[in-house]
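Step one of this worksheet: look at the structure below.
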Amino acid sequence: MKSIAVNKTVSHDYLILETFEAGLALVGSEVKSVRAGRVSLKESYAEVRNGEVFLVKCHISPYEAANIFNHDPLRERKLLLHRREIKRLAGKTQERGLTMVPTKVLINDKGKIKLELALVRGKREHEKRETIKKRDADREIRAALKNRSR
């Protein structure tokens, strides 16, 4: 699978509990634009409405060659998941204060555009600081071990 776009802020702002792979229902000009890498996942999220999952606030830039047949860059896009996955996600997001956030846009081996969706819980400020401290400590340990072996 080839990664097209990655949402780097997810691991900093949220605690990832579970990930899902979903298909994206796109129109032709959107497919061309995504393949060109002109997609942004910043501030986007997914929500369940009427038994369907929609991707909200995902920006896919207009495709230049599509002129009058172009798409709205911020339109809501339907995500393609199995019914049991949708029911499970709907239950978890309503009960426990969890949200669904896209982490990556991928192209699989068959050329289909997929979205990696994560079920997340928001981190508090002190948790973010602890994560940064832990990452820095791990980096220092790796550097010390590398220098020691030389």
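Number of residues in the range 10-33 that are of a type in the set (Val, Ile, Thr) and either modelled with pLDDT under 85 or farther than 23 Å from residue 132 by Cβ (or both) equals 3.
For the structure I just gave you, tell me whether residue 68 is modelled with pLDDT of 85 or more, β-branched (Val, Ile, Thr) and either in contact with a Phe, Trp or Tyr (Cβ under 6 Å, 6 or more places away or on another chain) or on the phi < 0 side of the Ramachandran plot (or both). When the stated conditions are applied, residue 68 does not pass them.
Scanning the range 84-102 for residues that are at pLDDT 85 or above and either closer than 18 Å to residue 26 by Cβ or of a type in the set (Asp, Glu) (or both) gives 85, 102. Please determine whether any residue of the range 68-75 is touching a residue at least 24 places away in the same chain (Cβ under 8 Å) and over 26 Å from residue 1 (Cβ atoms). For the range 68-75, residues touching a residue at least 24 places away in the same chain (Cβ under 8 Å) and over 26 Å from residue 1 (Cβ atoms): present. With respect to (1) at positive phi; (2) part of a strand (DSSP E or B), the lone exception for residue 111 is condition (2). Of the residues making up the range 24-70, just one is within 16 Å of residue 9 (Cβ to Cβ) and touching a His at 6+ places or on another chain (Cβ under 6 Å), namely 40. For the range 12-68, filtered to residues that are small (Gly, Ala, Ser), out of contact with any Gly (no Cβ under 9 Å at 6 or more places or on another chain) and assigned to a helix (DSSP H, G or I), the residue that is surrounded by the most Cβ atoms within 10 Å (Cβ to Cβ) is 33. Tell me, yes or no, whether the range 88-107 has at least one residue that is among the polar types (S, T, N, Q), under 27 Å from residue 33 (Cα atoms), more than 20 Å from the chain's Cα centre (by Cα) and outside any helix (DSSP H, G or I). For the range 88-107, residues among the polar types (S, T, N, Q), under 27 Å from residue 33 (Cα atoms), more than 20 Å from the chain's Cα centre (by Cα) and outside any helix (DSSP H, G or I): absent. Taking the residues in the range 71-83 that are at pLDDT 85 or above and either in a helix (DSSP H, G or I) or hydrophobic (A, V, I, L, M, F, W, C) (or both) as candidates, determine which candidate is surrounded by the most Cβ atoms within 10 Å (Cβ to Cβ). Only one residue tops the list, namely 79. Under the condition of being within 21 Å of residue 62 (Cβ to Cβ) and touching a residue at least 40 places away in the same chain (Cβ under 8 Å), the residues counted in the range 8-35 number 10.
The values are calculated or read from the model by the stated rules, or taken from the named source; none is laboratory data. Note that the structure is predicted; figures quoted are calculated from it, not measured. No Cβ is skipped: glycine too gets one built from the backbone with ideal geometry, and neighbour counts run over all protein chains shown.
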